[in-house]
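The values are calculated or read from the model by the stated rules, or taken from the named source; none is laboratory data. These numbers were taken from a predicted model, which means no experiment stands behind them. Quick reminder, even Gly has a Cβ in these numbers, built from the backbone with ideal geometry, and neighbours come from all protein chains shown. Side chains included, ligands, DNA and RNA excluded: accessible areas come from the protein's heavy atoms. Shrake-Rupley method; radii C 1.70, N 1.55, O 1.52, S 1.80 Å.
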Amino acid sequence: MKDLPPEPGLYVTATPIGNLADITYRAVDILKKADLILCEDTRQTAKLCAAYGVETPRSPYHDHNAAKVRPEIIKKLQDGAVICLVSDAGTPLISDPGYKLVRDARDAGAAVFPLPGPSAAIAALSAAGAPSDRFFFAGFLPPKQGARGKELEKIAKVDATLIFYETAPRLGDALAAMASILGDRRSVVARELTKLHEEFRQGTLSDLASAYKDAPPKGEIVIVVFPPEEKAADASDVDAFLKAALGEGSVKEAAAAAAETFSIPRKEAYARALKLKGAG
Ligand code: SAM
């Protein structure tokens, strides 16, 4: 079968987060055939290209030149170019530059293709053992204490596993702030994923905070925080609720409302309501 050139468009291309082998065949193929590779740091991407024999021209696309070069890139896409966007590691746009380019490319009618692959957030979540049915990716917290606290207060209400990126020097302080604002939840620090010194350390936020305060780690870090624990319903709160509800409706109605409000089994709420009605 003839090897067709890739369709023109912007290819958002994931690259390894440490282990160079973590790249897809498709990513290597398109990187080789593209007209241009947009790199967060051309020197970083040069290493990947050297490893896979990719000789495609590279040019920088990062926070400092993005606004200036974006219109030229969009023009190239409109003219039918095949352009890959890569970041230094992982999936572009995930705490990395690129979303405005994707937005403008789409607005200009260009095709945008994801070339999926590694992302540190998903790699950490996949091996942390935290509930994974619902998660909130919070990216980097602000470095300053006040702003970080405000951000954590907003996030504290999220009923899901939380994923943060953090730098090694700030890890201890960030974990301590999380313990005091999110509550002392179970958590996992995932460090140097896919690299020689990969490490998963689990514990409560406060235990991890003190461990890392005494021995600041090296390398790249993802923090995975378990969701808030469901509070066990307090029996006296349920009874007070039921008494009020029994004044307005039947045992069945009161029990249904209590079960819903306190997330307790209907059977249990019904039995309590019956007892209270009998006692009243
Ligand atoms: N776009 C990337 C991705 O998809 O994961 C993330 C880029 S962000 C600028 C860099 C941060 O990702 C690091 O500071 C660290 O928090 C996390 N990270 C990247 N590679 C990692 C690795 N191998 N192990 C642990 N965390 C990593």
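Could you say whether any residue in the range 3-11 is of a type in the set (Asp, Glu) and farther than 24 Å from residue 95 by Cα? Spell out how you get there, then give the answer.
Start the filter on the range 3-11 by keeping residues that are of a type in the set (Asp, Glu), which leaves 3, 7.
Checking the rest, the ones that are also farther than 24 Å from residue 95 by Cα come to 3, 7.
Checked the range 3-11: at least one residue is of a type in the set (Asp, Glu) and farther than 24 Å from residue 95 by Cα.
Within the set of pairs 6+ apart or on separate chains, which have a first residue in the range 135-153 that is farther than 10 Å from residue 164 by Cβ, a second that is of a type in the set (Asp, Glu), and C-beta atoms under 7 Å apart?
From the range 135-153, the pairs are 142/151.
Hey, among the residues in the range 199-220 that are touching a residue at least 40 places away in the same chain (Cβ under 8 Å) and within 16 Å of the ligand (Cβ to nearest atom), which one's nearest to residue 121 (Cα to Cα)?
This residue is 220.
List the number of the failed condition for residue 242; all other conditions in (1) more than 16 Å from the ligand (Cβ to nearest atom); (2) touching a residue at least 24 places away in the same chain (Cβ under 8 Å); (3) closer than 29 Å to residue 118 by Cα hold.
Residue 242 satisfies every listed condition except (3).
Hey, can you tell me all the residues within the range 231-254 that are of a type outside the set (Val, Ile, Thr), assigned to a helix (DSSP H, G or I), open to solvent by less than 50 Å² (accessible area, probe 1.4 Å) and modelled with pLDDT of 90 or more?
Scanning the range 231-254 gives 242, 245, 246, 254.
Checking the condition more than 23 Å from residue 14 (Cβ to Cβ) and surrounded by 13 or more Cβ atoms within 10 Å (Cβ to Cβ), which residue from 158, 112 passes?
Numbers: 112 fails: more than 23 Å from residue 14 (Cβ to Cβ).
None of the others qualify; the one that does is 158.
Kindly check whether there is at least one residue in the range 39-61 that is basic (Lys, Arg), surrounded by 14 or more Cβ atoms within 10 Å (Cβ to Cβ) and either within 16 Å of the ligand (Cβ to nearest atom) or assigned to a helix (DSSP H, G or I) (or both).
Scanning the range 39-61, I find no residue that is basic (Lys, Arg), surrounded by 14 or more Cβ atoms within 10 Å (Cβ to Cβ) and either within 16 Å of the ligand (Cβ to nearest atom) or assigned to a helix (DSSP H, G or I) (or both), so the answer is no.
Going by the structure shown, is residue 35 of a type in the set (Asp, Glu) and in contact (Cβ under 8 Å) with a residue 40 or more places away in the chain?
Numbers: of a type in the set (Asp, Glu): yes; in contact (Cβ under 8 Å) with a residue 40 or more places away in the chain: yes.
When the stated conditions are applied, residue 35 passes them.
Restricting attention to the range 123-155, and to residues there that are surrounded by 19 or more Cβ atoms within 10 Å (Cβ to Cβ) and among the aliphatic types (A, V, I, L, M), which single residue is farthest from residue 28 (Cα to Cα)?
Among those residues, the one meeting the criterion is 152.
Of all the residues that make up the range 190-199, how many are outside any strand (DSSP E or B) and in contact with a helix residue (DSSP H, G or I) (Cβ under 6 Å, 6 or more places away or on another chain)? Break it down into steps so the answer makes sense when it comes.
Start the filter on the range 190-199 by keeping residues that are outside any strand (DSSP E or B), which leaves 192-198.
Now narrow it down to the ones that are in contact with a helix residue (DSSP H, G or I) (Cβ under 6 Å, 6 or more places away or on another chain): 193.
Adding up the residues that qualify gives 1.
Name the residues in the range 182-191 that are crowded, with 17+ Cβ neighbours inside 10 Å and either farther than 21 Å from residue 94 by Cβ or among the charged types (D, E, K, R) (or both), would you?
At the first step, the residues of the range 182-191 found to be crowded, with 17+ Cβ neighbours inside 10 Å are 182, 185-191.
Of everything in the range 182-191, those that are crowded, with 17+ Cβ neighbours inside 10 Å and either farther than 21 Å from residue 94 by Cβ or among the charged types (D, E, K, R) (or both) turn out to be 182, 185, 186, 191.
So which of 226, 262 ends up being crowded, with 16+ Cβ neighbours inside 10 Å, over 30 Å from residue 119 (Cβ atoms) and either aromatic (Phe, Trp, Tyr) or within 16 Å of the ligand (Cβ to nearest atom) (or both)? Don't jump to the end; show me each part of the working.
Working: 226 fails: over 30 Å from residue 119 (Cβ atoms).
When all the criteria are applied, what remains is 262.
Considering only the range 211-223, how many residues are at pLDDT 95 or above and open to solvent by 50 Å² or more (accessible area, probe 1.4 Å)?
2
Looking at 28, 69, 82, can you tell me which residue is surrounded by 14 or more Cβ atoms within 10 Å (Cβ to Cβ), under 30 Å from residue 197 (Cβ atoms) and at pLDDT 95 or above? Walk me through it before giving the result.
Numbers: 69 fails: under 30 Å from residue 197 (Cβ atoms); 82 fails: under 30 Å from residue 197 (Cβ atoms).
Exactly one of 28, 69, 82 is surrounded by 14 or more Cβ atoms within 10 Å (Cβ to Cβ), under 30 Å from residue 197 (Cβ atoms) and at pLDDT 95 or above, namely 28.
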